[in-house]
Amino acid sequence: MNHFLELEGVDYQLWLSPCKQGYRLHLGDEVTAPIDFCHQGNGRGILTIAGAREPVRFAIDGDTIHLHIRGRTSVLRYRDPLSALALAEKHAGHLVARAPMPGVVVATSVLPGEAVAARTALMVIESMKLETVIRSSQDGVVERVHFKEGESFEQDAVLVTLSAEGH
Amino acid sequence: MQRIASLVDVKSEEFCLNELHNRRLAAELKERQRAVRFNRPERDRERLQRQNKLFVRDRVEALLDPETPFLELSTLAANKAYDGEVPGAAQVVGIGIVAGREVIVHADDASVKGGAWYPLSVKKIVRSLDIAIENRLPVVHLCDCGGGFLPLQAEFFADRHHAGRIFHNQSTLSKMGVPQVAVVMGHCIAGGAYVPALSEYNIILQGSGAIFLGGPSVVKVATGQNVSVEELGGADMHTSVSGTADYLANSEMHAIAIARDIVARFNRIEKAPIDRVAPEPPAYPASELYGIIPKDSRSHFEMREIIARLVDGSRFHEYQPRYGRSLLCGFARLHGYQIGVLANNGVLFGDSALKGAHFIQLCDMNRTPLLFLQNITGFMVGRDYEQGGITKNGAKLIMAMSGASVPKFTVVCNHSHGAGAFAMAGRAFDPRFLFTWPQAQISAIGTDQATRVLTDIKAKQLAVDGRHLSEQELEAIRESISEEYKERSSAYYATSEIWDDGILDPADTRAALAMAVSASLNAPIETPRYGVFRM
Amino acid sequence: MRKLPFDTVLIANRGEIAIRIVKTLRELELRSAIVYHDVDAGTPAVSMADVAVPISGRTPVAAYLDAAQIIAAAHEVNAGAVHPGYGFLSENAGFARKVLEAGIVFIGPTPENIELMGDKIRARKFVQRNGFPVAPSAIEEDDPATFISRARSIGAPLLVKPSAGGGGKGMRIARGLDALEHAIVQARSEAQRYFADARLYVERYVEKPRHIEVQVLGDSFGNVIHLFERECSVQRRFQKVIEEAPSPALSAELRKKICETAVDIARAANYRNAGTVEFIFDGSEFYFLEMNTRLQVEHPVTEMITGIDLVAEQVNVAGGHELRLSQPDIVLAGHAIEARVYAEAPARGFAPTTGKILVLDYPVGPDVRIDSGILQGQQITTAFDSMLAKVIVHSPTRTEAALKAERAMQELVLLGCETNTNFLARVLADEQFLSGQVHTGYLDENPHLAAGEFGSDLSAFLAAAALLTRPVRDSADAVPELHASLGSWRN
């Protein structure tokens, strides 16, 4: 089973295997070798990749890896196979509305216990100077509204939990 | 160590003809393996798809670490049984790497007869667990078994090495401290229910996974109770009520990820310390084996040429090169591991047997695993040889080989007949692994000899009834006897019956043996101790 | 600097512009004071000011909009003047008036200037009345009942804008007339929320328009000069991304014409202090868009090409002095480009991003200026505007400036919060940008710039990330040597 690294919304399945001069990177059928990383301390290092030496700046924050290579900055996220594959399970039996981007709650339109139909507006959020209406993806009953008016949240935060009860 | 200087002329006609023949045999092997692995009736494939199940091969691949080898064992088990309708005996077994650990993978193949256990399925599972016990390898079971195939229960239920042995072996492994993980991906019914229950860890798949001794229909018949599969043995019930299962998974991949995470927690076993250096490829390519193994299995071939294409740098330290020359003995390295090689370069004589017995003891004392390369028609017979103590000397070889505590590995390269096949670490002597080459013949005596003997007997029986056979009739009888004998001494028959751990393409032998040696070192090597040698 | 009637200036702002102002105040040997909400405690702006006064509010933004608290803070630190920066209360005539009534100097235009020119509708009517060109429009408050039908009669495409405010907030395009009413509903809701003023107006949306603005400076003696133009056509969602001076679209003749028009408008308005007259330019004609009665975010590009410190000039004029410069003193030298670094994900529709700044290293070099209010370790939230820093470069030619800006974007290391630096570097190297053929729809028409394909860099990023991720590296290291050497061998 491969490892998953997410980069700009795309999951890359990859694997490292050791070789004489370091490692090989397997990405599907594509192999990049040899590769290696030499730490220089203080979030700096040298990536050796197919003979080239690339200075790297990096910062690691939990499963998130921030990288600056070849004048380009990127954020990659390691997705542990256990949690990645179990994601669907977490809210099994529940439907959740997640935040498409970080922002602030402008208004909540529903209360716990309220039955809602698909496409019902649950919440109005504000982000990037634009308002976005968060709607229910299915019929259900509002179980919990996780944020109050004026509260801010991060991307992917669960905003409203619905249960499928009674449907 | 001296390098073997190959004397093979790779440009010769003989080499080319041999090569053509053996490449065809290798291709035939690969094709049969491919068919056994992947050819399934469309309806079975569709059923799996409907049940949202992965094909067993995909399950195994997902379980293994990518970019690591998998030594599949007994791929062609049952290929000559049950009209060929139970490919691989509905089981996938092999040694692979999961989370960096060497493990035995055992997977039921639900695409064959719903994963039902046939007699040879049971034999294959028992063998896989024997391997786990002998080599102290953790086991990952991917369970998806509809229960035993009842019409054949007499062949898999009651005897010592029948189905009960699976659970006996599981218990033995546990007692030895060798952990098992079972992933319940389908139904585990009746005896099958004990596979996860006797494993240290188990994972059950929500939806398709279920464990019960008797299914709803059996319960209905036995007690009149109406129950659903979920109530009786579903994933939710077993993980929250009965405690029969440990982890709940919501997809096959999730279940496999949990299994990998569990294996990653296993202690790393300190391997048996044997001499090892950095590996070196052989000086001669393995593909030349095709040109060396003779097209006509009756022709003699030089085992040094085979060794030169198996061992590191083709280097071979030959022991007693001038004595007992029909049994080649010497030290070599396989992927860096020091091994002792015993290879037949002709029939076994008294001196060859004495040399072999002595060499085995040298290796045993030296903690050097033994590799037996069989091409043996037997011990030499005849008055002079008996008077010279050939039986007594053969017994010494058998006693030494049986008693050696270092791991033994056997490759049946060509002939494997008579007591010589026993003495060269035959199946009964528990070599850790025994592999066969496609052209090998395994039988008590050779086909020609056997045909003569059996035709004679037949003719004599008919003569008693007053029937005299024409030369033509005799020839017909001879042919049919020969055909049947040949069939039942073929490598394919042997592997169908699980007399070996699989047929190897000769070119794959080095890698397979390296994995086997590595696996064997998970078990400690006991202090050498022997029985009585008849002097 | 001539003698000023104040020795302490309170900065009613935060972040990079507050720092920018502090720097000039230091040079002028004036004491700087700042107000700050709790979430900004410890930020460089707060620590750099000579004195800092905490303010509070229901939200952080609300605190910076609270005129009473700010004026009280000014009194508390004996500030004789208030600099509002940009945004927040900078274009609030009521605030300017309250400041003056409190006996404090407002470093900016007069309340009357703001009332006239800061209100888009009033401004455009004023400009039109004085004979300057404006785009066809329908103004709601002229007759709310007929607003929509008047808007429809202009014809699509239309741009719906709040009468108050700026910075792209609440603006909506209606490509077809059937989308108009929906756009009005949305724009109204946002206008109400941001500016507490739901009034709207609609104007013809000019396709492929270029946004060109002229920096003007006036004093209380009726003198008005310009400091040439800036072009801000590289925008996404009406937000400026890259600005430059001078505009590559103008001939010397047009430049003279547009700059003089701006000066005439400011003079007609009796404008005092720094201001910006914005125009829409369709390639041949330009017409008045609006006036920004404050210091602009992009003012540094003007400073780079003229060598003039605009804040110092603001202080001078606000101090009651006559302009120190006359038009002939203003000389345009070279080309300046500003790139705005935002906490946002261009590939995800420029959605704002958050995170803690773990590594921050700015590019250094001659003629590279960084205006930034952030610090390593700082948490970026969505409480404020997502702009983190501005990188401004100056070179003899536009091509050299673009190259220098691109390099600066590549050298800027900001880790911990996703930003648009890769995107900026791509835009700065884009052929269309380099040819100068940009307009405000340029980024929308070139979505590949935002998407940012990785190409050959993909394997480098994945390789580095894989090698830096313990579970990935550990599983490679866990494989026994023999098995690693056999690879994916199968028998």
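The values are calculated or read from the model by the stated rules, or taken from the named source; none is laboratory data. As the structure is a computational prediction, the values presented were derived from the model and not from experiment. For neighbour counting, all protein chains shown are included, and Cβ atoms are generated from backbone atoms with ideal geometry for every residue, glycine included. Note: accessible area is taken over every heavy atom of the protein model, side chains too, but ligands, DNA and RNA are not part of it. Shrake-Rupley method; radii C 1.70, N 1.55, O 1.52, S 1.80 Å.
Some observations on this one:
- Highlighted here are the strands (runs of 3 or more DSSP E) found entirely within the stretch C:96-176 that include at least 3 residues which are of a type outside the set (Val, Ile, Thr): C:158-162.
- Scope the stretch A:126-138; condition free of Cβ contacts under 8 Å to residues at least 40 places away in the same chain and more than 15 Å from residue C:353 (Cα to Cα); matching residues: A:131, A:132, A:133, A:134, A:135
- Counted residues, the stretch C:239-276 - those being within 30 Å of residue C:346 (Cβ to Cβ) and aliphatic (A, V, I, L, M): 5
- Residue, farthest from the other protein chains (Cβ to nearest Cβ), within the stretch A:61-77, restricted to residues that are in a loop (DSSP other than H, G, I, E, B) and touching a helix residue (DSSP H, G or I) at 6+ places or on another chain (Cβ under 8 Å): A:70
- Within the stretch C:417-435, being closer than 21 Å to residue C:248 by Cβ and not acidic (Asp, Glu) holds for C:423, C:424, C:425, C:426, C:427, C:428, C:429, C:432, C:433, C:434, C:435.
- Residues that are surrounded by fewer than 20 Cβ atoms within 10 Å (Cβ to Cβ), in a loop (DSSP other than H, G, I, E, B) and touching a Leu at 6+ places or on another chain (Cβ under 8 Å) do occur in the stretch B:273-283, at least one of them.
- Residue in the stretch C:394-413 that is more than 13 Å from chain A (Cβ to nearest Cβ) and either modelled with pLDDT under 95 or within 19 Å of residue C:20 (Cβ to Cβ) (or both) present: yes
- Residues satisfying the stated conditions in the stretch C:94-103, i.e. of a type outside the set (Lys, Arg) and surrounded by fewer than 20 Cβ atoms within 10 Å (Cβ to Cβ): C:94, C:100, C:101, C:102, C:103
- Exactly one residue among B:435, B:429 is buried (at least 23 other Cβ atoms within 10 Å of the Cβ) and of a type outside the set (A, V, I, L, M), and that residue is B:435.
- Helices (runs of 4 or more DSSP H) fully within the stretch C:379-491 counting 2 or more residues that are open to solvent by 20 Å² or more (accessible area, probe 1.4 Å) and without any contact (Cβ under 8 Å) to a residue 12 or more places away in the chain: C:431-435, C:447-451, C:457-468, C:470-478, C:481-486
- Test: residue in the stretch C:9-32 that is open to solvent by less than 10 Å² (accessible area, probe 1.4 Å) and closer than 22 Å to residue A:150 by Cβ: no
- Wholly within the stretch C:1-89, strands (runs of 3 or more DSSP E) carrying at least 3 residues that are closer than 24 Å to residue C:383 by Cα and not assigned by TED's automatic domain parsing to the domain that holds residue C:356: C:31-37, C:51-55
- Restricted to the stretch A:1-32, and to residues there that are at the interface with chain C (Cβ under 7 Å from one of its Cβ atoms), in contact (Cβ under 8 Å) with a residue 60 or more places away in the chain and assigned to a strand (DSSP E or B), the residue that is surrounded by the fewest Cβ atoms within 10 Å (Cβ to Cβ) is A:7.
- Complete set of residues in the stretch C:414-443 that are charged (D, E, K, R) and modelled with pLDDT of 95 or more: C:426, C:430, C:431
- Test: residue in the stretch A:91-110 that is open to solvent by 30 Å² or more (accessible area, probe 1.4 Å), out of contact with any strand residue (DSSP E or B) (no Cβ under 9 Å at 6 or more places or on another chain) and free of Cβ contacts under 8 Å to residues at least 40 places away in the same chain: yes
Let's see how each residue does on (1) within 14 Å of another protein chain (Cβ to nearest Cβ); (2) farther than 17 Å from residue B:190 by Cα:
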{"site": "B:83", "(1), (2)": "no, yes"}
{"site": "B:87", "(1), (2)": "no, yes"}
{"site": "B:90", "(1), (2)": "no, yes"}
{"site": "B:96", "(1), (2)": "yes, yes"}
{"site": "B:101", "(1), (2)": "yes, yes"}
{"site": "B:108", "(1), (2)": "no, no"}
{"site": "B:131", "(1), (2)": "no, yes"}
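- As for the stretch B:209-221, it holds no residue that is at pLDDT 90 or above, more than 23 Å from residue B:47 (Cα to Cα) and open to solvent by less than 70 Å² (accessible area, probe 1.4 Å).
- The stretch B:426-478: number of residues that are among the polar types (S, T, N, Q), touching a residue at least 12 places away in the same chain (Cβ under 8 Å) and more than 30 Å from residue B:523 (Cβ to Cβ): 6
- Residues in the stretch C:336-369 that are more than 23 Å from residue A:58 (Cβ to Cβ) and at the interface with chain A (Cβ under 10 Å from one of its Cβ atoms): C:349, C:350, C:351, C:352.
- The helices (runs of 4 or more DSSP H) falling completely within the stretch B:13-82 that include 1 or more residues that are closer than 25 Å to residue B:258 by Cβ map to B:42-50, B:56-63.
- Where helices (runs of 4 or more DSSP H) fall wholly inside the stretch B:186-245, the ranges with 2 or more residues that are more than 31 Å from the chain's Cα centre (by Cα) are B:216-223, B:229-233.
- Which listed residue, of B:168, B:141, is open to solvent by 60 Å² or more (accessible area, probe 1.4 Å) and modelled with pLDDT of 95 or more: B:168
- Total residues in the stretch A:49-60, condition more than 9 Å from chain C (Cβ to nearest Cβ) and within 30 Å of residue C:357 (Cα to Cα): 2
- Set side by side, the residues A:105, A:116 differ, and just one is outside the structural domain of residue A:8 (by TED's automatic domain parsing), under 22 Å from the mean Cα position of the chain (by Cα) and not basic (Lys, Arg), which is A:105.
- If you go through the stretch B:285-315 and keep only what is among the hydroxyl-bearing types (Ser, Thr, Tyr) and either in a helix (DSSP H, G or I) or within 24 Å of the chain's Cα centre (by Cα) (or both), you end up with B:287, B:290, B:297, B:314.
Okay, residues lined up against (1) within 30 Å of residue C:260 (Cα to Cα); (2) without any contact (Cβ under 8 Å) to a residue 12 or more places away in the chain; (3) surrounded by 15 or more Cβ atoms within 10 Å (Cβ to Cβ):
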| residue | (1), (2), (3) |
| --- | --- |
| C:141 | no, no, no |
| C:155 | no, no, no |
| C:177 | no, no, yes |
| C:182 | no, yes, no |
| C:209 | yes, no, yes |
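- Cross-chain or 6+ apart pairs with Cβ under 7 Å, the stretch B:43-68 first and modelled with pLDDT of 90 or more, then open to solvent by 60 Å² or more (accessible area, probe 1.4 Å) and assigned to a helix (DSSP H, G or I): B:62/B:253
- Selection status of residue A:84, part of a helix (DSSP H, G or I) and either in contact (Cβ under 8 Å) with a residue 60 or more places away in the chain or in contact with a Lys or Arg (Cβ under 7 Å, 6 or more places away or on another chain) (or both): yes
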